[in-house]
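Here the structure is laid out as structure tokens; the discussion comes afterwards.
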Amino acid sequence: MKNLFISGIQVSMLKKTLISTFIFFLSFQSLTEVKELTILHTNDLHAHLFPRIAPWISESRKIGGFANLATLVKQEKQFNPSAILIDAGDYFSGPYVSTLTEGEAVIKSMNYLGIDAACIGNHEFDHGWDNMLKQIKEAEFPILNGNIFYEGTDKLVWDNPYIILEREGLKIGIIGLHGKFAFYDTTNSKMTEGIEARDEEKYLRQYIEELEPITDLIILSIHQGMPARQSTIGLTDVERNLYKDILLAQNVPGVDVIVTGHAHQGTDRALVSNGTIIVSTNATSTELGKLQIQYDTDRKRIVSHSNQLITIYDDEIEDDTDMLSEITYWQQEVDKIASVPIASSTKKLVRAYGKESNMGNLFTDAMAAFDERIDIAVMNSGGLRQDIDAGVISKGDLISAFPFPNTIVMTKLKGSQLKKLFDHAAGMTNGILQVSQNAKYTFSPRNKVLEIWIKGELINDDQDYWVAAPNFVTQGGDGYSEFQNSIEYIDSGVLIIDEVENFLKKIQLYEPKNEGRVQAIE
């Protein structure tokens, strides 16, 4: 009986303990909750309003387009009303619809995408910062930037550094910035006269300090980095290309998520640096990024996450009718100019970033023919943006291939200065230089030019050469700063695209070819 009596007491005590534990658990649960938030993300849309064949994804199925993207975003937001869409800049400059409307068609179309916040990218300045302001004022969604100022003042060019959204009871601060290096490396200085980008780390710290007391989460939308970074042994390609973002997270704690653009580098699996989640897509409207995070309200931090890149196959998605109507209108408007035939090509004109390209040969040959004094013409590979199919070449095709209002500049340089330019090209941080028919060069993949020939002769360090190049490059764009030390500098004022058009009109039937102008020596 004694043992039974003790057991009864133990049972009674156990019940009380279990009840107390359950009450504590319920109380804890009322204070603690893990909330899920979906962050949809895009970057570097580059005016790709319509689906097209992207051979690196599929040679038979069309990819991308704003009408498909709008449908996907709507579906995601209908399924999960707390979802937000963030874009990381560079919506301008791609197919000719952007160039011929100076970005207006793109902004008006983006109004139908359901964007909750976007930052400003370098290509938004391609037609001048005043045009950038004119166009983004038409946006019906928040555009953010907190570190581009009127030169010598404390006045932001676009005074909207961050916003606060509320989803699932969480207050989310979203900051918009532009990397200082990327701004000066890839904007045309002529188009940004009077404004300046300042250190993104300094202003990020400032805005974090302002937002931390009043928000649960901080997201950074930023356009920064160094394209095709060739550095740091041991990193994956994704980490190399997004190294600036990794460093930013290490140097400035307090950001929960970075949505980044500029490198055109997708993150199937999100990167994590110093506790910050970093995501990006492979650009040009080919994908919609979807980052899902789980946020612990008690610990006030993200406890888990998953990310995916949804490839936008045209044959799988119904067009959003409102978007389709908008982009069709703009396409019809610009086709009045763009559909004019210029010449024909016997083969497809193709770009290349790290080797000679037949498109690069066309553009440099056209530039070299501009003036009989020119010894060599060069083109930055990153300036060529879209291939041209064999057959009839229209004005729109040329503009899409080179969508920038760059002019032909003639500079006089010493041979020793030319070597410095080609050493930078060999470094591959911004792609090689394409060269005209009367020149060729060899380089080592270890960042060194080996030999340069002009008109069949090796260059002489002490000899003067007339070098034609886009004004973007001669102003130091893409890191070609040696142009700024030129002996003579003549900006012709003639648009490169017009000179290529004139060049082709004289030929009528163009035969693209590679001729060994650029050779990598192992």
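Scan segment 318-346 for residues that are surrounded by 14 or more Cβ atoms within 10 Å (Cβ to Cβ), of a type in the set (Val, Ile, Thr) and farther than 16 Å from Pro95 by Cα and the total you get is 1. Which of the residues spanning segment 118-137 are within 21 Å of Lys155 (Cα to Cα), of a type outside the set (Gly, Ala, Ser) and more than 16 Å from the chain's Cα centre (by Cα)? If the condition is that a residue be within 21 Å of Lys155 (Cα to Cα), of a type outside the set (Gly, Ala, Ser) and more than 16 Å from the chain's Cα centre (by Cα), then Trp129, Asp130, Asn131, Met132, Leu133, Lys134, Gln135, Ile136, Lys137 are the ones that fit.
For Ala390, the criteria (1) surrounded by 22 or more Cβ atoms within 10 Å (Cβ to Cβ); (2) modelled with pLDDT of 95 or more hold in every case but one, which is (1). Here Asp423 qualifies as surrounded by fewer than 23 Cβ atoms within 10 Å (Cβ to Cβ), assigned to a helix (DSSP H, G or I) and out of contact with any Gly (no Cβ under 6 Å at 6 or more places or on another chain). Being in contact with a Pro (Cβ under 6 Å, 6 or more places away or on another chain) and surrounded by 24 or more Cβ atoms within 10 Å (Cβ to Cβ) is the filter; apply it to segment 30-64 and report the residue that is farthest from Asp296 (Cα to Cα). Among those that are in contact with a Pro (Cβ under 6 Å, 6 or more places away or on another chain) and surrounded by 24 or more Cβ atoms within 10 Å (Cβ to Cβ), it is Ala47.
Can you tell me which residue within segment 136-160, out of those that are touching a helix residue (DSSP H, G or I) at 6+ places or on another chain (Cβ under 6 Å) and crowded, with 22+ Cβ neighbours inside 10 Å, is farthest from Phe183 (Cα to Cα)? Among them, the one singled out is Ile143. The residues of segment 175-214 that are part of a helix (DSSP H, G or I) and either aliphatic (A, V, I, L, M) or within 16 Å of Asp159 (Cα to Cα) (or both), listed by number, are Ala182, Met191, Glu200, Tyr203, Leu204, Gln206, Tyr207, Ile208, Glu210, Leu211, Ile214. Go over the candidates Ile317, Ile310 one by one and state the one that is at pLDDT 95 or above, within 28 Å of Met226 (Cβ to Cβ) and β-branched (Val, Ile, Thr). Within the list Ile317, Ile310, the selection yields Ile310.
If we scan segment 467-475, do we find a residue that is among the polar types (S, T, N, Q) and at pLDDT below 90? No, segment 467-475 has no match at all. Report yes if Ile115 is hydrophobic (A, V, I, L, M, F, W, C), closer than 20 Å to Ala283 by Cα, in a loop (DSSP other than H, G, I, E, B) and under 18 Å from the mean Cα position of the chain (by Cα), otherwise no. Yes.
The values are calculated or read from the model by the stated rules, or taken from the named source; none is laboratory data. Source: prediction; values computed, not measured. Note that each Cβ is placed from the backbone with ideal geometry, even for glycine, and that neighbours are counted across all protein chains shown.
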